[in-house]
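Written below as structure tokens is the structure these notes are about.
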Amino acid sequence: MIVKFIDWARKNMFFVKAISYATLVLLVVADLFVPREHPHFIGDFIPGFWAVFGFVACALIIVVSKWLGKKFLFRPEDYYEDEEIKEGRGHV
């Protein structure tokens, strides 16, 4: 079921982006109605700050995780074959 959803999301990327931006706007607008009785941080004074902060932080986590995965975790498909050839165990 999740595969079908991912395929649908890839085919309808404009719709997915529109929903994401609409959700962000809705969170910012909803944040306008939260009472600010005793703000303790400068972000508490700015309407919508925490909604934007959370959205940007989430996007940043995704981008950094993908970069780290590509940089340090992924190996070429023939990674183990190269090791076997170097050690003389593989077929040439």
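The values are calculated or read from the model by the stated rules, or taken from the named source; none is laboratory data. Computed from a prediction, not measured in an experiment: that's the story for all the values here. Cβ sites come from the backbone with ideal geometry, for glycine too, and all protein chains shown count toward neighbours.
Can you say whether L68 is more than 25 Å from the chain's Cα centre (by Cα) and either modelled with pLDDT of 85 or more or more than 30 Å from W8 (Cβ to Cβ) (or both), as far as the supplied structure shows? Talk me through it step by step, then tell me what you get.
Working: more than 25 Å from the chain's Cα centre (by Cα): no; either modelled with pLDDT of 85 or more or more than 30 Å from W8 (Cβ to Cβ) (or both): yes.
When the stated conditions are applied, L68 does not pass them.
Being within 22 Å of the chain's Cα centre (by Cα) and surrounded by 10 or more Cβ atoms within 10 Å (Cβ to Cβ) is a property that L73 lacks. Sub-6 Å Cβ pairs linking a first residue in the stretch 45-68 that is surrounded by 12 or more Cβ atoms within 10 Å (Cβ to Cβ) to a second residue that is in a helix (DSSP H, G or I) and modelled with pLDDT under 95, at least 6 apart or interchain, are P47/D31; G48/V28; G48/D31; F49/G43; A51/L27; A51/V28; A51/D31; F55/L24, ordered by first then second residue.
For F33, the conditions (1) of a type in the set (F, W, Y); (2) in contact with a Leu (Cβ under 8 Å, 6 or more places away or on another chain); (3) in a loop (DSSP other than H, G, I, E, B) all hold with the exception of (2).
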